[in-house]
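The values are calculated or read from the model by the stated rules, or taken from the named source; none is laboratory data. Note that the structure is predicted; figures quoted are calculated from it, not measured. Using ideal geometry, Cβ is built from the backbone for each residue, glycine included, and neighbour counts are taken over all protein chains shown. These accessible areas exclude ligands, DNA and RNA; they are computed on the full protein's heavy atoms, side chains included. Shrake-Rupley method; radii C 1.70, N 1.55, O 1.52, S 1.80 Å.
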Amino acid sequence: MLDIERIWKDFPILGHTVYDKPLVYFDNAATTQKPKEVVEKIRDNYYNVNANIHRGVHFLSQAATEAHEEARREVQRFLNARHAHEIIFTRGTTEAINLIASSFTDACMSPGDEVIISEMEHHSNIVPWQIQAARKGIALKVIPITEKGELSLETYRNLFSERTRLVSVAHVSNVLGTINPVKEIIEIAHQHNVPVLLDGAQAVPHTKVDVQDLDVEFYAFSAHKIYGPTGIGVLYGKEEWLDKLPPYQGGGEMIATVTFGKTVFNELPFKFEAGTPDYIGSTALAEALRYVNRLGIEEIAAYEHELLRYATERIKTIHPIRIFGEAPHKSGVLSFLLGDIHHYDTGMLLDHMGIAVRTGHHCAQPLMKALGVEGTVRASFAFYNTKAEIDTFIAGLERVQSMFKPK
Ligand code: PLP
């Protein structure tokens, strides 16, 4: 069981007030709060271990290099990757997907070749492919969602053709909370000899991810969504695939030798890490992963599941309410509309009660179109949230509703 009172002491921001009301932070799918350890790690690194890494012969540079490479090994263990050099540090999920979209298209796709994505993707797993479609003439095929907000696997099976080269889908939807059956999705793709990229931005903070067990070719996530710092993320790739792909960016770090005639690229993982890496962010991410490991990802998942169950049960007592995403396997995301009250109005009024939720299209406009709405209100939970906060939130929604009742 998680000791929430103790956990709260690790996250000073949770004790803040907003408009003189205790903060209720339900915007965790956008970004999570950071435990003291993570913030302290950043401070400590700048004060004590700051020097540019990899090429320095001096003490500080070697210490910083070792800390950065140990952070890579922490990520490797967290994802259960076979090799540390299969972990590429990026700026986040978005950059990781752009890297694959660019390098994979260059190496493995010809005009007319196809990528399968889904209707529930974040823009960061749509637009990079559209850019490649415009550059290289590749085509996108889209898995539709069902009424409950699940992927239609029947349609998915039928989307494969001779020209399918990659499947790129979300592990967990940031709007619907649906945990997609990624093992099955990967198995089906492999039956067609097609590799898979999973967007794990909303999965890693809430569910155990084992890339070897999944047998997935590429996996992307962002540190800031798993209690780590902003500006850094991870691309996991199977060694044999990363070896096949050309670099995404050129510059320092990613080369072995350079002459004006020819450049020989560095080995993995450096081939994909041009420029000075975020060696402060990487160690802070490792600290965040250690924090999550100490609590236990299974415990976190079970606790958040109970929060979601409770919030869903309570919100259904409000009429009229529309919930978007009712898949049996869901992470702690609750998207809804309160009658015909505009999502911005609900969000702004809740904000004045100290309750932070997200409103709008959640960077998933094609999904909004499929749902037939312009936007939703989204409450998203983390392990530091409580049922008492959910009660405050439900009372807040009831107040919003009463404000819109005709007098
Ligand atoms: N994919 C999903 C499912 C997300 O929820 C997000 C962020 O909300 C992203 C990708 C993009 O993450 P980032 O902005 O950290 O690159």
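For region 358-368, state whether one or more residues are within 16 Å of the ligand (Cβ to nearest atom) and in contact with a Leu (Cβ under 6 Å, 6 or more places away or on another chain).
no
Does residue 288 satisfy the condition of being closer than 16 Å to residue 72 by Cα, crowded, with 23+ Cβ neighbours inside 10 Å and in contact with a strand residue (DSSP E or B) (Cβ under 7 Å, 6 or more places away or on another chain)?
No; evaluated as a whole, the condition is false for this residue.
Just to verify a result, which residue in region 176-195, among those that are part of a loop (DSSP other than H, G, I, E, B) and surrounded by fewer than 19 Cβ atoms within 10 Å (Cβ to Cβ), is nearest to the ligand (Cβ to nearest atom)?
181
Condition first: free of Cβ contacts under 8 Å to residues at least 40 places away in the same chain, within 20 Å of residue 171 (Cα to Cα) and surrounded by 15 or more Cβ atoms within 10 Å (Cβ to Cβ). Now tell me which residues in region 297-334 satisfy that.
305
Can you tell me which of (1) over 30 Å from residue 255 (Cα atoms); (2) in contact (Cβ under 8 Å) with a residue 60 or more places away in the chain; (3) among the hydrophobic types (A, V, I, L, M, F, W, C); (4) open to solvent by 30 Å² or more (accessible area, probe 1.4 Å) is the one residue 13 doesn't meet?
Only one criterion is unmet by residue 13, namely (2).
Collect the residues in region 224-275 that are open to solvent by 40 Å² or more (accessible area, probe 1.4 Å) and either of a type in the set (Val, Ile, Thr) or part of a strand (DSSP E or B) (or both), keeping them in residue-number order.
230, 255, 256, 257, 258, 259, 263, 264, 265 - these are the residues of region 224-275 that are open to solvent by 40 Å² or more (accessible area, probe 1.4 Å) and either of a type in the set (Val, Ile, Thr) or part of a strand (DSSP E or B) (or both).
Considering only region 131-146, how many residues are within 19 Å of residue 94 (Cα to Cα) and not aliphatic (A, V, I, L, M)?
2
Is there any pair with a first residue in region 50-62 that is surrounded by fewer than 14 Cβ atoms within 10 Å (Cβ to Cβ) and a second that is outside any helix (DSSP H, G or I) whose Cβ atoms are under 8 Å apart and which are 6 or more apart or on different chains, and what are they?
58/51
For every residue, the table says whether it meets (1) within 20 Å of residue 68 (Cα to Cα); (2) away from the ligand (no atom under 16 Å from the Cβ); (3) touching a strand residue (DSSP E or B) at 6+ places or on another chain (Cβ under 7 Å).
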{"site": "236", "(1), (2), (3)": "yes, no, yes"}
{"site": "243", "(1), (2), (3)": "no, yes, no"}
{"site": "261", "(1), (2), (3)": "no, yes, no"}
{"site": "283", "(1), (2), (3)": "yes, yes, no"}
{"site": "294", "(1), (2), (3)": "no, yes, no"}
{"site": "299", "(1), (2), (3)": "no, yes, no"}
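Before we move on, is residue 211 closer than 23 Å to residue 302 by Cα and either outside the structural domain of residue 109 (by TED's automatic domain parsing) or β-branched (Val, Ile, Thr) (or both)?
So residue 211 passes the test.
For region 11-40: of the residues being in a loop (DSSP other than H, G, I, E, B) and within 16 Å of the ligand (Cβ to nearest atom), which is farthest from residue 230 (Cα to Cα)?
If we take residues in region 11-40 being in a loop (DSSP other than H, G, I, E, B) and within 16 Å of the ligand (Cβ to nearest atom), then 26 is farthest from residue 230 (Cα to Cα).
Of the residues 152, 173, 161, 124, which is surrounded by 15 or more Cβ atoms within 10 Å (Cβ to Cβ), farther than 27 Å from residue 357 by Cβ and polar (S, T, N, Q)?
The conditions single out 152.
Could you tell me how many of the residues in region 55-96 are away from the ligand (no atom under 16 Å from the Cβ), assigned to a helix (DSSP H, G or I) and of a type outside the set (Lys, Arg)?
20
Which numbered condition trips up residue 43, out of (1) within 16 Å of the ligand (Cβ to nearest atom); (2) open to solvent by 60 Å² or more (accessible area, probe 1.4 Å)?
Looking at each condition in turn, residue 43 falls short on (1).
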